[in-house]
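Input: a single structure, listed below in structure tokens.
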Amino acid sequence: MTHLPASLDFLAGLEISNRFVDALPADPLNKNYARQVTHACYSRVAPKQFKAPHLIAWSPELAEAMGLPAHIQCIDATQRAELAQVFSGSRLLPGMQPYAMCYGGHQFGHWAGQLGDGRAINLCEVSTGAQERQVIQLKGAGPTPYSRSADGFAVLRSSIREWLCSEAMHHLGVPTTRALSLVITGEAVVRDMFYDGRPKAELGAVVCRVAPSFLRFGNYEIFTSRGDIPRLRQLVDFTLAEHFPHLAPGSQADYLAFYREVCERTAALMVEWIRVGFVHGVMNTDNMSILGLTIDYGPYGWLEGYDLEWTPNTTDAQGRRYAYGQQPQIAQWNLAQLGNALYPLVEDIEALQEVFSSYQQCYTSLWQEMIARKLGFPAFEANSDLDLFMRLETLLQRTETDMTLFFRNLADVDVTQAADAQEDLALIQPLLESYYGNPLEDRSYLAAMGAWLRDYCQRAQQAPEPALARRQRMHAVNPRYVLRNYLAQRAIDLAERGDYAEIETLLDVMRQPYAEQPEYADYARKRPEWARDRAGCSMLSCSS
Ligand code: AMP
Ligand code: MG
């Protein structure tokens, strides 16, 4: 990087490039007002300059990979202030060419036309290794041509949620966009959190998100919907060259192979969400990453009681389109929309359909592997294990059972004792912590769960192995810690009063979600009763 003022020398490690901007067509209009943008992949737009941005959270691992100081505690106040300036968009570094992307999307099953980065501004790409490049994107840095009637800003509560969850997902091993920093802007943002006509001023914030690409299904859909096939081709060719380099731009067969890979990555992502109990909440096609990453953390939530129909999104409370158990099917529906968008390039409807249909098989085989690991079996036995799991799923929903604790503690069931176990109670003992009510009061439940556990133990004993091996296998996929909805809300409540320490602590806990961390035992506990119906803990709206 060239021409950095001396005060920014400490950022000299950032290697800036702008390949998206350089390769793809821009909106010729350089003005920032809401409009339809045609024949362009993006619009150039300057982020807002905030008066008093202040850095409140920083991801050291990511910073280091990008050539930035890992520990903000080790830099002086002036440098910290500079970071707040840069990562709120208030100060552009030489070489940055900020832009907002044009995309469309299907929202809640209906084509919504142009959406676009209404409150996200991409600053540039930076190198993070020999071949790797990451896009730096600010969420909440001001309006763009895609802001429609909204303001382009984000509030602190939703920014904390995005910041924490991106990093928590990463540490859980789930593909996701990352979050580098969290800055409070010092300016108020007005929001009607409950859509009840009582708007209130909230603290504004900017999250700096990082991913190899923020391209969504909607980036492709918009061009096909407008019949702009030359731009569609340009964008797909760029995507292949940058992100699927083993596929050749211009080849119909490779366009199809591209679709297949997106289907496979999406299937793998859905299996991961199901594994950890994550519910995205707004799986519109504009929120589906072309790289199979979790993207756009809005009204997401984590399963507490296992419930296939649970959704954290109040806007979806009626239809439950995006409920936990719906996610794999909805992903496939979204992939159908992507298939339609790619049709003009592939021009073979049967071939596209064949790939689309293979999603189900791909998902099922990955899901089976995952369930086997969750239950502690070396491999999934098609019919009998499916039956065993379905019985468990019914039981988990019969009385409110914490998903995370149940699977984690299942590793503590002594499967060798089962043959002698006279009492269901002894078998169920390690699992008691996971119940929100008292299962001991329900004899028929206890009997059913006892019967299931005896079958489970018998199955686990089919291929006897040291207890430690089974336990390790289970612990590697069943986290002790997830970003429980109330934990994030507690950090938000404190941050809104100016205390940011809990954000730091939570990230520290979530850094090792599969390890027993006795000093953080409190963070593994099931949701306390006060959080059951509290806004932010169990119900969220899109208004962020
Ligand atoms: P989301 O539900 O966050 O995925 O957003 C859907 C669409 O609305 C995207 O085009 C967003 O950029 C846009 N949007 C959401 N919130 C805002 C906001 N505060 N200002 C401008 N655009 C927004
Ligand atoms: Mg979105």
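Scalar couplings 3J(HN,Hα) for region 79-91, obtained by applying the Karplus form with A = 6.51, B = -1.76, C = 1.60 to θ = phi - 60°, are 5, 4, 5, 5, 4, 4, 4, 5, 8, 10, x, 6, 10 Hz; x denotes Gly and Pro.
Close amide H pairs (under 5 Å, H built 1.01 Å from N) link LEU138 with ILE121, ASN122, LEU123, ARG209, residues at least 5 positions away or on another chain. Considering only Cα atoms, the convex hull volume of region 1-114 works out to 163 Å³ per residue. Distance from the Cα centroid of region 183-256 to that of region 485-539 is 29 Å (rounded to whole angstrom). Here region 259-286 and region 9-59 have alpha carbon centers that stand 28 Å from each other. With a Förster radius of 51 Å applied to the beta-carbon distance between ALA447 and ARG497, the computed FRET efficiency rounds to 0.55. Taken one residue at a time, the phi angles of region 93-104 give Karplus couplings (6.51, -1.76, 1.60, θ = phi - 60°) of 7, x, x, 6, 10, x, 7, 10, 8, 9, 8, x Hz. Gly and Pro are set to x.
Hydrodynamic analysis of region 6-217 uses the Kirkwood radius over alpha carbon pairs. Inserted into Stokes-Einstein at 25 °C and 0.890 mPa s, it gives a translational diffusion coefficient of 139 µm²/s. Close amide-amide hydrogen proximity is noted between SER90 and PHE50, each under 5 Å apart and 5 or more residues distant or on a separate chain (H modeled in the peptide plane; Pro and chain starts excluded). Within region 463-502, the trypsin sites (Lys or Arg not before Pro) that combine a DSSP coil assignment with at most 15 other C-beta atoms in a 10 angstrom radius are ARG497.
Loop-resident trypsin sites (Lys or Arg not before Pro) (DSSP state other than H, G, I, E or B) in region 1-99 with no more than 11 further Cβ atoms inside 10 Å of their Cβ: LYS31, LYS51. Taking amide H positions as modeled 1.01 Å from N, with prolines and chain starts lacking one, the residues under 5 Å from THR177 and 5 or more places away or on another chain are THR294. Once the Cβ-Cβ distance of LEU386 and ASP508 is raised to the sixth power relative to R0 = 45 Å, the FRET efficiency obtained is 0.70. Computed over region 228-387, the P(r) tail beyond 25 angstrom holds 37 percent of alpha carbon pairs.
When its C-alpha radius of gyration is set against 2.2 N^0.38 Å (N residues), region 1-59 gives a value of 1.55. Sparsely packed loop sites in region 135-196 (the chymotrypsin sites (Phe, Trp or Tyr not before Pro) outside DSSP H, G, I, E and B with at most 14 other Cβ atoms within 10 Å) comprise PHE194, TYR195.
In units of the rule-of-thumb radius 2.2 N^0.38 Å, the chain shows an alpha carbon radius of gyration of 1.00.
Accessible area per residue for the chain, computed on protein heavy atoms with a 1.4 Å probe, is 39 Å². Extension gain for ALA188-ASN30 works out to 54.2 nm (0.36 nm per residue, less the C-alpha to C-alpha distance). A straight line joining the Cα centroids of region 133-171 and region 426-446 runs 42 Å. Between ASP9 and ALA241, the contour length at 0.36 nm per residue exceeds the Cα-Cα span by 80.2 nm. Report the normalised scattering of region 294-399 as log10 I(q)/I(0) at q = 0.09, 0.10, 0.23, 0.24 Å⁻¹, calculated by the Debye formula with identical scatterers on the alpha carbons. Result of the Debye calculation: -0.34, -0.41, -1.25, -1.27. The string of couplings for region 356-366 from the Karplus curve (6.51, -1.76, 1.60, θ = phi - 60°) is 4, 5, 6, 4, 4, 5, 4, 4, 4, 6, 5 Hz, one whole number per residue in order, with x for Gly and Pro. Based on a Kirkwood Rh over C-alpha pairs, give the Stokes-Einstein translational diffusion coefficient of region 379-464 at 4 °C and viscosity 1.567 mPa s in µm²/s. Estimated diffusion coefficient is 98 µm²/s.
The values are calculated or read from the model by the stated rules, or taken from the named source; none is laboratory data. These numbers were taken from a predicted model, which means no experiment stands behind them. Note: ideal-geometry Cβ built from the backbone for every residue, glycine included; neighbour counts use all protein chains shown. Side chains are part of the model used for accessible areas, which takes the heavy atoms of the whole protein and leaves out ligands, DNA and RNA. Shrake-Rupley method; radii C 1.70, N 1.55, O 1.52, S 1.80 Å.
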